[in-house]
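The values are calculated or read from the model by the stated rules, or taken from the named source; none is laboratory data. Note that the structure is a prediction, hence the values are computed from the model and not measured. Here Cβ is always computed from backbone atoms with ideal geometry, including for glycine, and neighbour counts include all displayed protein chains. SASA here: full protein model, heavy atoms, side chains in, ligands and nucleic acids out. Shrake-Rupley method; radii C 1.70, N 1.55, O 1.52, S 1.80 Å.
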Amino acid sequence: MIELSPNAGGFRRATATIVSALLMLLTAAVPIAAQKAAVDNCVSCHEGLDGGPASVTALETGSVHRHAGFTCAGCHGGDPGADDAELSMSAAKGFVGAPAPAAVAEFCGRCHSDAAIMKRFNPATRIDQQTEYASSGHGKTLAKGDTKVATCVSCHGSHGILKVDDANAPVHPLNVAKTCGSCHGNKDLMTAYGVFTDQVAHYRTSVHAIALHEKQDLSAPTCNDCHGNHGAAPPGVASVAHVCGTCHVRQSDLYAASPHMKPFTEGGIAGCVACHGEHGIARPVDEHLGSGPASMCRSCHSEGDKGWRAGEQLRSGLAMMELSIAAADRSLARASEAGMEVSRPEFELRDARDKLVNARVMIHSLSVADVDSLVASSQATSTKAKEAGIAAMHELDYRRNGLGLSLVVIMVAAVSVYVKVRTIERGRAGRTGAGASRPVTNGAHGAGGTKMPMGDA
C-alpha cells in the first residue's frame, strides 16, 4: 500500500485540474474533427448532375470563398451533412438555393454589406457595394424589373469567384474590357437599350489600352476607372472633366480656368471629350492645334477668329521649341560622337525638354502669353546648348589644326636631323676613302722594285 504525503491533497487537486483541462480540450476538438471528417453531400451529390462537376471544380480550386473557409451551405444554406436530399435542401434547414437575378445583389450583400463579417477577413474591405450597385445604371434598370442587366455574378462569376488582383479574374484590370464587352459588345442585347456596341473596339485602339495591354501598365485606365465599379454609370457632361481629372489633375485645373469652360458647360459640351474623344482616345499630338487638317480647333472655330488665331500661335510656339531642341541635339550629338566632353550642356538641355512638356500641358489654359514665356525660356536654353556644341567642334578643329602643325614641325625637324646625320656620315666616309687611296712605301724596294701599300706590309 502506497502512503501519501501530507501534500497529497494538493497533488490530487492539481491532477484533477490537469485532467479537467484535457477533457475540455478533447471536448472542444470533437466538433472540429467531426466537421473535418463530415461528408459534404452538396459536393458529392452535385458532382453527378449536369453542369455539377464544373461548378464543384471551380468552387474547390479557385474560389476565394472556399479559401476563406466557406462551403456551399455558407451561401445556399441547407444541411450538407444530411443524406436525404429533400431534408438537406428544406426551408427548415435554411436552404435558399440559387437566387433569382433580381435578388442577387441582396443575396451577396448578406455578407458583403455586413461589417462584422467582412472585417473578419479584411478590415479595409468596403461594405457599400450593394448600395453603390443600386445607384448604378445596372441597378436602376434591375429595379424596374429588367433582369437582363448585369448583377454581381455577371462580372465576378458564381462558384469560382477569384480575388480582384488575380490575373485570371474577370475583374482584373487586364480583363475588365473583355468582361464589360461581353454585354456591351452584344448588339442583340444592347439594341433594346439604344446603346452603341463599339466602345470596347474603340477603347482597344486608345492610348489607355495600349499602355495597359501592350505596356502592361496596370495604372492605365480601363472601363471601371471612368465609369465606376459597382456604381457604374456614364459620366455626365458636366462631370467628364472631373473624371478625367482624377488622373490628369493639372490639365483639368487649367481647363477649369480656361475660356473654354463656360461656353462648353453652357452648350452641354463635354470638355475633354470635345477635343480628345471618348473611348478611342488617341495619343495627343501638336498637330491637334492650329489650322492644319488634324486640328481640333477647326471643329469649333472659323478661320481668322480669336480662337483660330490663338490655336495657330500655340501650335507655332510648340513647333519653335521642338526645332530649337532638335538643333541643339544635333549639335551636341556631333560633338559627343567626335569625343568632346559635352555632358553638362546635354544635361542643361533637359530643362528645355521639360518646358516643352510643360507647354503641352499649359495649352489647356489657352493662355498664349503663358506658353510664349515657356517658349522663350526653352529656346534660350536650347540656343545655349547648341552654341556649346558648336564651340566644342571649334575646339576640336583647333586641336586638330594644332596637332597637324605640330606634326609638320616634328616631321621637318626629323627630316633635318636625318639629312644632317647623312651628311656627317658621308663626310666621314669621304675622308676614310681619301686616306686609303694614297700609296705608302716602306722605304725599300723589292727585287722587282714594286711599291707595297702600307696596309699590305
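Points to keep in mind about this one:
- Computed FRET value (nearest 0.05) for His213 with Ala338, which takes r as the C-beta separation and R₀ as 41 Å: 0.45
- Relative frequency of Cα-Cα separations exceeding 14 Å in the range 351-399, percent: 58
- Chymotrypsin sites (Phe, Trp or Tyr not before Pro) within the range 113-205, DSSP loop, no more than 15 other Cβ atoms inside 10 Å: Phe121, Phe196
- Pairs beyond 23 Å (Cα-Cα), from Lys215/Lys386; Lys148/Lys178; Lys306/Lys355; Lys119/Lys178: Lys215/Lys386; Lys306/Lys355; Lys119/Lys178
- For the range 89-138, with all protein chains in place and a probe radius of 1.4 Å, 61% of the accessible heavy-atom surface sits on carbon or sulfur.
- The range 207-347: C-alpha gyration tensor shape, a/c 1.5 cut-off, then a/b vs b/c: oblate
- Probing with 1.4 Å while keeping every protein chain in the model, the per residue accessible area of the range 189-229 equals 60 Å².
- Computed over protein heavy atoms with a 1.4 Å probe, the accessible surface of the range 379-425 works out to 76 Å² per residue.
- A simple spin-label model places pseudo-atoms 7 Å from Cα toward Cβ; at Lys384 and Glu303 they are separated by 4.2 nm.
- Loop-located trypsin sites (Lys or Arg not before Pro) in the range 186-293 (DSSP state not H, G, I, E or B) with no more than 16 neighbouring Cβ atoms inside 10 Å: Lys215.
- Gain upon complete extension [Asn168, Val412; 0.36 nm per residue less C-alpha separation]: 79.8 nm
- Rounded, prolate or oblate (a/c below 1.5 giving rounded, otherwise prolate when a/b exceeds b/c) for the range 70-153 by Cα gyration tensor: oblate
- Asp188/Asn401 FRET efficiency (R0 51 Å; Cβ-Cβ; nearest 0.05): 0.05
- Each residue of the range 404-412 was assigned a 3J(HN,Hα) from its phi angle through the Karplus curve 6.51 cos²θ - 1.76 cosθ + 1.60 (θ = phi - 60°); the sequence is x, 5, 4, 5, 4, 4, 5, 5, 4 Hz, with glycine and proline shown as x.
- Accessible surface of Arg426 - all protein chains present, 1.4 Å probe, nearest 10 Å²: 140
- Fully extending the segment from Ala91 to Glu106, taken as 0.36 nm per residue of separation minus the present Cα-Cα distance, adds 3.6 nm.
- Whole-number accessible area per residue in Å² for the range 77-175, which is evaluated in the context of all protein chains at 1.4 Å: 60
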